[in-house]
Every structure is written in C-alpha cells, then in structure tokens.
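Student: Here it is, the structure in full.
The values are calculated or read from the model by the stated rules, or taken from the named source; none is laboratory data. No experiment lies behind these values; they were computed from the predicted model shown. Reconstructed Cβ throughout: ideal geometry from the backbone, glycine too, with neighbour counts over all protein chains shown. These accessible areas exclude ligands, DNA and RNA; they are computed on the full protein's heavy atoms, side chains included. Shrake-Rupley method; radii C 1.70, N 1.55, O 1.52, S 1.80 Å.
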Amino acid sequence: MNWSGIILGAAAFLLIGIFHPIVIKAEYYLGKGCWWIFALAGAALCAASLFVQDIVFAAVLGVAGFSCFWSVHELFQQEKRVKKGWFPTNPKRKK
C-alpha cells in the first residue's frame, strides 16, 4: 500500500489547523505588520522543498510554505475581523 497520499493529506490538514491560531495570535500581539515574517518563512520553506529528496517531505514543506503565504492574506483579514468586533483587540498594543 502507498501511504503517501494519506500522510500528505493529514499533514496539510494539521498545518492548516495549526496556522489558524498562529495568525490570530500574531495579529493580536504583533499586528498586521508582521506579515513579512510569514512571507519569508513561506519562501524559505518552499525553497527548502526544492532540495529535499523525499517526495512526501518535500510536499509537506511546500504545503507549509504556501500555508505561510496564505497566512499573509489572513493577517489582513484578521485585522478586519477585529475591527468588526469578532475577535478581541489587544489593549496593550498601540494603534
């Protein structure tokens, strides 16, 4: 049996689930100005996936990289959700 598809699917599911609260916390504590961290991490992970021999691990790195890229978009969306009152505003962070 070939478990590659199941492993990749589970990894994608877990990575997407992990990035959701990371984006919420990043926006709460750092604001949308930290978008470049996600962009750099995404670029690094995608670049790393090009040099990994194992196809499943390379695919997981690629999924993680593009999850970081999607997180850039979600940071800006999260800011809008906070303005709508759907998520709390950090009172300690300056506007």
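Student: Per residue Cα convex hull volume for segment 1-55, in cubic angstrom? It would help to have the intermediate numbers written out before the result.
Tutor: Values: hull volume 3.7 nm³, N = 55.
Hull volume normalised by residue count: 67 Å³.
Student: Rolling a 1.4 Å sphere over the protein heavy atoms, what is the accessible area per residue of the chain, to the nearest Å²? Each step should come with its number before you reach the end.
Tutor: On the way: 6690 Å² over 95 residues.
Roughly 70 Å² per residue, with all protein chains present.
Student: Just to be sure I follow the definition: excluding the sites themselves, where is the longest run in the chain that has none of the chymotrypsin sites (Phe, Trp or Tyr not before Pro) in a DSSP loop with at most 13 other Cβ atoms within 10 Å? Before the final figure, lay out the partial values.
Tutor: Working: sites that count: TRP3, PHE51, TRP86.
In short, 4-50.
Student: Contact order normalised by length for the chain, with contacts defined as Cα pairs under 8 Å and 6 or more residues apart; what percent is it?
Tutor: On the way: 83 pairs, mean separation 33.9, N = 95.
Result for the chain is 36 percent.
Student: Do me a favour and compute the ellipsoid semi-axes for segment 42-95 from its Cα gyration tensor, root of five times each eigenvalue, largest one first, whole Å. Could the numbers behind the result be given before it?
Tutor: Numbers: eigenvalues 230, 21, 12 Å².
Those come to 34, 10, 8 Å.
Student: Enter the Cα centre distance for the pair segment 12-29 and segment 36-51, rounded to the nearest angstrom.
Tutor: 17 Å
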